[in-house]
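Each remark here refers to the structure printed beneath this line.
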Amino acid sequence: MDFAKIIKTIIKYIGMGLLFLFILEIASRTDDYVKWDAPFWSNYSNDNLSVSDEYGWHNRPNATFQKWVINSHGFRGPEITFEKPDSIIRVFCTGASATFGLYESKDKDYPSQLRKMLNKKYPGRFEVLNAACPGMSPPRIGHYYSGWLSKFSPDIIAYNPASDFYTNPYPPSDTNITRTQPSQPPLTFRLTSKAKIAFKGFLPRSWQMTYKRWQIANIVDSQEDDWLWETPPLDRMELYRKHIIGVIDTVRAQGSKIIIGTKTNSISSEMNDFDKYNLTNWRHLHVRCTDISLLQTDIVARKIILEIGKEYNVPIADIAPNIPKTHEYFGDHHHFTDKGAKIVAKFMFEQIVKIIENDSLLYSRAINSGEGKKQ
Amino acid sequence: MLFNSFAFAIFFPIVLLLYWILPFRAQNLMLLVASYVFYGYWDWRFLALIALSTIVDYITGLKIQNENDILSDGFEKRKKIWLTVSMVTNLGILGFFKYYNFFADSFADVASSIGVAIDPMYLNIILPVGISFYTFQTMSYTIDIYRGKMKPTNRFFDFALYVAFFPQLVAGPIERAKDLLPRLLNKRKFSKSQFYEGLHLILLGLFKKVFVADNLAPFIDKVFRASDPSGFEIWVAGWGFAIQVYCDFSGYSDIARGCAKCMGIELMINFNHPYIATNPVERWQRWHISLSSWLRDYLYIPLGGSRGGERKTLRNLWITMLLGGLWHGAAWNFVLWGAWEGVMLITHRMCKPFWDAHTFMQKIFPPLVRRLFKIFLMFNLITVGLIIFRTRSIPHLWQLWGNVFTFKGTADPLILMPLVWYALPLAVYEFIQYQISRDNWSEIEKVSGWFRTVVYAVFVYLIAFHGASAQSFIYFQF
């Protein structure tokens, strides 16, 4: 074979390789367009769902990404007006990713299911909005509430505070409530992120677990002996208590009522393969904890919430002991499936109904026979 | 090890690389080890069964040939004894692991129906994957030697490779020793064209399995698991299952053939567009060809084939299909399915002279319309059988038929959507490929590489991003 022919063959194969990748990228964009009505040419990623501004880190108004649709005020749910109609009871569900919804199908996140339950009991009386944002820690929620949510005059705040932030290397602070907005290059390949997800799905769980355990062990080995938390870090849990009380005070100061839900995880005592996989992934995000102390942290967090409930007379939706720890209810270590979200909605619903029935003003609005706004 | 698993994605390139850098003799030895690793990855304990079948058939093959060569007194009797040893071993393994509980259960049912209560002893055993395939394969080896159609090999490890060759070990094609053994015994040469054809087949097989079959599975399962599905739903699920089982099994065969081709080894075509068959005979000439030809050569013909008059021919056909059904699984619905297939073959054979003599249809309709009508009719008759195949139990089957034939429930055409979405791309692709090339690789190769790149990219996209997560192949249970 002569040299020119070799070069020609190489160029041909490189060209085919590029064409192959180009078709994959085009297929990827066409797929997004058909499935999610995504823009064909511009950037399309979950980074577009959130924004950091004077209200802190929250959902970007009018953003959409796959099943997640944010309304013009930055909430998941129907459009609402700033002014609350007289006949309406407005409920904001707030928290982090478990409330925002990751694995639930469209309109099956717990706030959506709660909206349906409430409007079934009190037809057309409730506006229930999902005001949660992934990664929203308690101090951020307090800040976001006082700066933005309170403008909508919510009657009730349903709050699921995550304790995971407190086992991170750096705990949430009262001051640092914004985040650096990730910069987006002018052209991103959609194929890359899809390929990563597909590869992860294809990789056997046992291999992923082995790799992550190895990474955890490496990090732990490189630290001082007392770096690892063998038991839940009590100073951090005290901070958790303080921050939740801060949110309660902020919400009450603006005249809204608050319900707090207890947080749980999917790890059952049987420790089946699903549990082991989830625990490894969870631990990978909280390397300072041991498996045991990580699980105990949730138990301590629930205890704190129950104590706060008693001390501050806050209604508690005690979800934790009432949700089965199986993959039917959890998509991972603590995010819910449709079924899991339904249970959360049910417990929140019960507490909201109690509040309504014990508050003559809200009750009269709920049962008012006038034409309510249908959602 | 599943073809559509991460483990295989690591395993196969390593095997392929080693294969082409090793010298010929070492290639076979390495392939044998790889085949045992491939099988042992699922459950290493059952490797002993493959080894037992291999040793017994290797020895009996040589012994039978020895009798053929010596031709001393009583050689026919001794040949029969050795053949019996092989048959008893293979059918014994198959019977014990696959059929014991079924027969024990059925016996207890029959006994209880005549008022005798029997508490049968059930065995708590799992069905070894691919047992029906490799036992049939090794049996054909000793039978062919017995019949003088081939000579045995004295190379034990090469024979062991023939039994355990990993691409076709667990779900076929059921290769005859006279075809595959020489390919394993002779030196292979790397051919770029054959290698590309192998990759083409692997991709097509994965597409059939991961995109079509596994994505259709949940829709079909939902209907067959429902407590009271509508007649229309059952029928559509029956169509869906026909497509699923074809894509699942022919996808496996394509991947098996593709892997073997990448190593310069040819395996037989197991599926040849079965759903364009216009009659039951053609259907079995196109569907699971390696099994249907095995049943023809080692069951139908020994039973007498078509030699003993029409009545015996029909009987032989029906028995063959009945046992063919039982081969698929130890349950009565498989026997019934085999019986249905047998009825179709018998009916076709009995009615053919009438149809051939009456040409009024030919006068009214053009050939294409008649052909399409026959294909549609045949597809639906196959679907009838596959609904029997897919049921959970006989009472469940009666319930399904009841709902189908009383048109129970509503008919929502939207339930056809998964079929259209998942099966149509494959149907279009297979149609175009057939029109261009008659499935002949030398013709496919002539199609522009740029155009093929585009098609392969679309296939890869659909497999990677719209494929269902790894599910085992339906035919593994057989």
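The values are calculated or read from the model by the stated rules, or taken from the named source; none is laboratory data. Predicted, not measured: the structure shown is a model, and the values here were computed from it. Every residue, glycine as well, gets a Cβ built from its backbone with ideal geometry; the counts of neighbours run over all protein chains shown. Side chains included, ligands, DNA and RNA excluded: accessible areas come from the protein's heavy atoms. Shrake-Rupley method; radii C 1.70, N 1.55, O 1.52, S 1.80 Å.
List, by residue number, every residue in the stretch B:436-457 with a reduction of 30 Å² or greater in accessible area between the chain on its own and the complete protein assembly, 1.4 Å probe.
For the stretch B:436-457, once contacts with the other chains are taken into account, B:Trp450, B:Thr453, B:Val454, B:Ala457 lose 30 Å² or more.
Take the Cβ-Cβ distance between B:Glu445 and B:Ile21 as r, set R0 to 22 Å, and report the resulting FRET efficiency rounded to the nearest 0.05.
Details: r = 26 Å, r/R0 = 1.18.
After rounding, the FRET efficiency stands at 0.25.
Tell me which residues come under 5 Å, amide H to amide H, from A:Ala158 once H is placed; ignore anything under 5 positions away on its chain.
A:Phe92, A:Cys93, A:Thr94, A:Ile259
Just to be sure I understand: if you take the accessible area of chain B alone plus chain A alone and subtract the pair, with a 1.4 Å probe, what total do you get in Å², rounded to 100? Before the final figure, lay out the partial values.
On the way: alone 22720 and 19270 Å², together 40340 Å².
Interface area, both chains combined: 1600 Å², rounded to the nearest 100.
First compute the accessible area of the protein assembly as shown with a 1.4 Å probe, then give the percent of it belonging to carbon and sulfur atoms. Spell out each step's value before the answer.
On the way: 25680 of 40340 Å².
Reported share for carbon and sulfur atoms: 64 percent.
In terms of solvent-accessible area of protein heavy atoms at a 1.4 angstrom probe, what is the ranking of A:Thr337, A:Thr297, B:Thr406, highest value first? Walk me through the numbers before you get to the answer.
Numbers: A:Thr337 25, A:Thr297 5, B:Thr406 95 Å².
If we order A:Thr337, A:Thr297, B:Thr406 from most to least accessible, we get B:Thr406, A:Thr337, A:Thr297.
For the full complex of protein chains and a 1.4 angstrom probe, list B:Asp254, A:Asp174, A:Asp47, A:Asp291 by accessible area with the highest value first. Kindly include the intermediate steps, with their values, before the conclusion.
Working: B:Asp254 20, A:Asp174 90, A:Asp47 65, A:Asp291 40 Å².
Sorted descending by solvent-accessible area, the residues read A:Asp174, A:Asp47, A:Asp291, B:Asp254.
With a 1.4 Å probe and every protein chain left in place, work out the accessible area per residue of the protein assembly as shown in Å², rounded to a whole number.
Details: 40340 Å² over 853 residues.
Solvent-accessible surface per residue comes out at 47 Å².
What's the local net charge at B:Cys247, with K and R +1, D and E -1, over the other residues with C-beta under 14 Å away?
Working: positive: B:Lys208, B:Lys209; negative: B:Asp214, B:Asp248, B:Asp254, B:Glu430.
Computed value for this residue: -2.
Quick check: net charge around B:Leu181, other residues with Cβ under 15 Å of its Cβ, Lys/Arg +1 and Asp/Glu -1?
Values: positive: B:Lys149, B:Lys151, B:Arg155, B:Arg176, B:Lys178, B:Arg183, B:Lys187, B:Arg188; negative: B:Asp57, B:Asp144, B:Asp158, B:Glu175, B:Asp179, B:Glu266.
After counting each charged neighbour, the total is +2.
Is it possible to state the helix-based mean residue ellipticity at 222 nm for chain B, with each DSSP H run of 4+ residues giving -39500 (n - 2.57), the sum divided by total residues, to the nearest 500 deg cm²/dmol? What is it?
Working: 21 runs with 330 residues, N = 478.
That calculation yields -23000 deg cm²/dmol at 222 nm.
Averaged across the residues of B:460-467, what count of C-beta atoms belonging to other chains lies within 10 Å of each residue's C-beta?
Working: counts 4, 11, 2, 1, 10, 10, 4, 3.
Per-residue shielding by partner chains comes out at 6.
Could you rank the peptides A:269-276, A:231-238, B:324-331, B:354-361 by their average count of other C-beta atoms within 10 Å per residue, with the highest value first? Show your work: numbers first, answer last.
Details: A:269-276: 13.1, A:231-238: 15.2, B:324-331: 20.6, B:354-361: 9.0.
Most protected by this proxy first, the peptides run B:324-331, A:231-238, A:269-276, B:354-361.
If you average the alpha carbon positions of the stretch A:242-319 and of the stretch B:158-203, how far apart do those two centres end up, in angstrom?
Value for the Cα centre distance between the two parts: 58 Å.
Set the Förster radius R0 to 56 Å, insert the Cβ-Cβ distance between B:Arg45 and B:Met350 as r into 1/(1 + (r/R0)^6), and round the FRET efficiency to 0.05. Please report the intermediate quantities before stating the final value.
Values: r = 49 Å, r/R0 = 0.87.
Taking R0 as 56 Å, the efficiency between B:Arg45 and B:Met350 is 0.70.
Tell me the mean residue ellipticity at 222 nm calculated for chain A from its helices only (DSSP H runs of n ≥ 4, each -39500 (n - 2.57), averaged over every residue, nearest 500). Could the numbers behind the result be given before it?
On the way: 11 runs with 174 residues, N = 375.
Value at 222 nm, helices only: -15500 deg cm²/dmol.
In whole angstrom, note down how far apart the Cα centers of the stretch A:199-233 and the stretch B:42-69 are.
If we compute the Cα centre of each part, the gap is 48 Å.
About its Cα centre, how strong a charge dipole does the protein assembly as shown have in debye, to the nearest 20, once Lys and Arg get +1 and Asp and Glu get -1 at the Cβ?
Values: 91 positive and 72 negative charges, 510 e Å.
Magnitude of the dipole: close to 2440 debye.
Calculated FRET efficiency, A:Lys276 and B:Ile436, Cβ-Cβ r, R0 35 Å, to nearest 0.05?
On the way: r = 50 Å, r/R0 = 1.43.
Step by step, r from the Cβ atoms, then E = 0.10.
Explain nothing, just the number: dipole magnitude of the stretch B:193-477 about its Cα centre with +1 on each Lys and Arg Cβ and -1 on each Asp and Glu Cβ, in debye rounded to the nearest 20.
Numbers: 25 positive and 18 negative charges, 153 e Å.
Here the size comes out at about 740 debye.
Got the relative contact order for chain B handy, in percent, Cα pairs under 8 Å and 6 or more residues apart? Walk me through the numbers on the way to the answer.
Working: 589 pairs, mean separation 90.1, N = 478.
Value for chain B: 19 percent.
What is chain A's relative contact order, in percent, from Cα pairs under 8 angstrom and six or more apart in sequence? Show your work: numbers first, answer last.
Working: 589 pairs, mean separation 77.8, N = 375.
Result for chain A is 21 percent.
Helix by helix through chain B, keep the DSSP H runs that span 18 Å or more along the axis on Cα and average at least 1.0 on Kyte-Doolittle, and give those back in order.
Working: long enough: B:6-21 (23 Å, 2.51); B:24-43 (29 Å, 0.49); B:47-70 (34 Å, 0.70); B:75-94 (28 Å, 0.34); B:100-113 (20 Å, 0.27); B:131-146 (23 Å, 0.40); B:192-206 (21 Å, 0.62); B:231-262 (45 Å, 0.46); B:310-328 (27 Å, -0.09); B:332-357 (38 Å, 0.28); B:367-390 (34 Å, 1.45); B:417-437 (29 Å, 0.85); B:449-466 (24 Å, 1.38).
Once both thresholds are applied, what remains is B:6-21, B:367-390, B:449-466.
Rank these residues by their accessible area, most exposed first, probe 1.4 Å: B:Arg315, A:Arg213, A:Arg115.
Numbers: B:Arg315 110, A:Arg213 75, A:Arg115 35 Å².
The ranking, largest first, comes out as B:Arg315, A:Arg213, A:Arg115.
In peptide A:200-210, how many Cβ atoms from other protein chains are near each Cβ within 10 Å, on average?
Details: counts 0, 6, 8, 2, 4, 0, 0, 3, 0, 0, 0.
The per-residue average across the peptide is 2.
How far is helix A:190-202 tilted, in degrees, relative to the longest principal axis of the Cα atoms in chain A, given as a value from 0 to 90 rounded to the nearest 10?
Rounded to the nearest ten degrees, it is 80.
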